[in-house]
Amino acid sequence: MIKRIAQTAGFAGLIAALVLTLLQSLWVTPLILQAETYESAEPAAQLEHGHEHGGAAVAHIHEHSDEAWAPEDGWQRTLSTGGSNLVVAVGFALILAGLFSLRGPSRSWQGLLWGLGGFATFALAPSLGLPPELPGTAAADLAQRQTWWIGTAASTAAGLALIAFGRHWALRVVGVVVLVIPHVIGAPQPEVHSSLAPEALSHEFIAASLITNAAFWMVLGWAAAWLYQRHSQA
């Protein structure tokens, strides 16, 4: 069983990671690069302002000159993104394959439903309170956002499980309540909402991120179900 789960997760994760990396390279990454032009223009404006006021901004620029290494645009960035996507995809595929061992899909297309459940849990529900953000966007405290994100993902997973597998209507009602609780509490928000990038670019980035994540989860769910069935038959 462990071998079946590992093989399913490895191959399904690889397939889904390649699809996600391709979609990100074509749509998401260009939006991030465009937003970074607005972010990089801000220090330049501060530098010019600093020369007019005793060079105070020059020190600010030097503080950021020793930042950690980051991949350059091009193959380095694509390779780093692809590697990160592979690690995440295999991790999620392990979760799916483990769940399949408890309640395996009888048809490959049922993996799409599992994938949509994963998309709702890890992307759609958290984005209702904390939408994907471009560089240069104001955000609340990181620890608070992480806590709310984890709680929302856990509540969504539990709520969907109760709705889908609950045998009594009361369990399904509880599932709906569990789904709503994080959004009633509300996600942590910054004191002032601001973004260096235009609003239209931010909206396009949110849409691109959600659509590519939906495609990723559907491919991951289908591939995991198909491979799990093949290994089971073998």
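The values are calculated or read from the model by the stated rules, or taken from the named source; none is laboratory data. Bear in mind that the values here come from a model prediction, so they are computed numbers and not experimental data. Cβ coordinates were reconstructed from backbone atoms using ideal geometry, including for glycine residues, and neighbour counts include every protein chain displayed. All accessible areas refer to the heavy atoms of the entire protein, side chains included, with ligands and DNA or RNA removed. Shrake-Rupley method; radii C 1.70, N 1.55, O 1.52, S 1.80 Å.
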- [ ] Return the ratio Rg/(2.2 N^0.38 Å) for the chain, where Rg is computed over Cα atoms only.
- [x] 1.22
Task: Electrostatic dipole magnitude of the range 121-213 [Cβ: Lys, Arg +1; Asp, Glu -1; Cα centre; debye, to 20] - done: 540 debye
Task: Sum of side-chain charges, A225 neighbourhood, beta-carbon under 13 Å (Lys, Arg +1; Asp, Glu -1) - done: +4
TODO: Scan the range 127-219 for trypsin sites (Lys or Arg not before Pro) in coil per DSSP, keeping those whose Cβ has at most 15 other Cβ atoms within 10 Å, and list them by number.
DONE: R167
Task: Residue-by-residue Karplus 3J(HN,Hα) for the range 221-228, coefficients 6.51, -1.76, 1.60, Hz, glycine and proline x - done: x, 5, 5, 5, 5, 5, 5, 5
Task: Solvent-accessible area per residue for the range 119-160 (1.4 angstrom probe, square angstrom) - done: 45 Å²
- [ ] With a/c under 1.5 counting as rounded, go ahead and sort the range 89-190 into rounded, prolate or oblate using the C-alpha gyration tensor (a ≥ b ≥ c being the square roots of the eigenvalues; past the cut-off, prolate if a/b is larger than b/c, else oblate).
- [x] oblate
Task: Accessible area, probe 1.4 Å, largest first, for residues H231, H203, H193 - done: H193, H203, H231
Open item on the list: Just to make sure I understand: if all protein chains stay in place, what is the order of M1, M218 by accessible area at 1.4 Å, largest first?
Closed with: M1, M218
Open item on the list: Show me the GluC sites (Glu not before Pro) within the range 167-222 that DSSP assigns to loop and that have at most 12 other Cβ atoms within 10 Å of their Cβ.
Closed with: E191
- [ ] Give me the angle, in degrees from 0 to 90, between the Cα long axis of helix 75-102 and the longest principal axis of the Cα atoms of the chain, rounded to the nearest 10.
- [x] 30 degrees
TODO: Multiply the residue separation of I181 and E199 by 0.36 nm, subtract the distance between their alpha-carbon atoms, and state the gained length in nm to one decimal.
DONE: 3.6 nm
Open item on the list: I'd like the distance separating the alpha-carbon centroids of the range 184-234 and the range 108-122, in whole Å.
Closed with: 12 Å
- [ ] Rounding to the nearest 20 debye, state how big the charge dipole of the chain is about its Cα centre with +1 on each Lys and Arg Cβ and -1 on each Asp and Glu Cβ.
- [x] 2220 debye
Open item on the list: Using Cα-Cα distances under 8 Å and only pairs 6 or more residues apart, what relative contact order does the chain have, in percent?
Closed with: 37 percent
Task: On Cα atoms only, tilt of 110-119 relative to the major axis of the chain in degrees - done: 30 degrees
Task: Computed [θ] at 222 nm, deg cm²/dmol, the chain (DSSP H ≥ 4; -39,500 (n - 2.57); rounded to nearest 500) - done: -25500 deg cm²/dmol
Open item on the list: Taking the 0 to 90 degree range and rounding to the nearest ten, how far is the long axis of helix 29-52 tilted relative to the main principal axis of the chain, both from C-alpha atoms?
Closed with: 20 degrees
Task: Surface share of carbon and sulfur [accessible, 1.4 angstrom probe, percent] for the chain - done: 66 percent
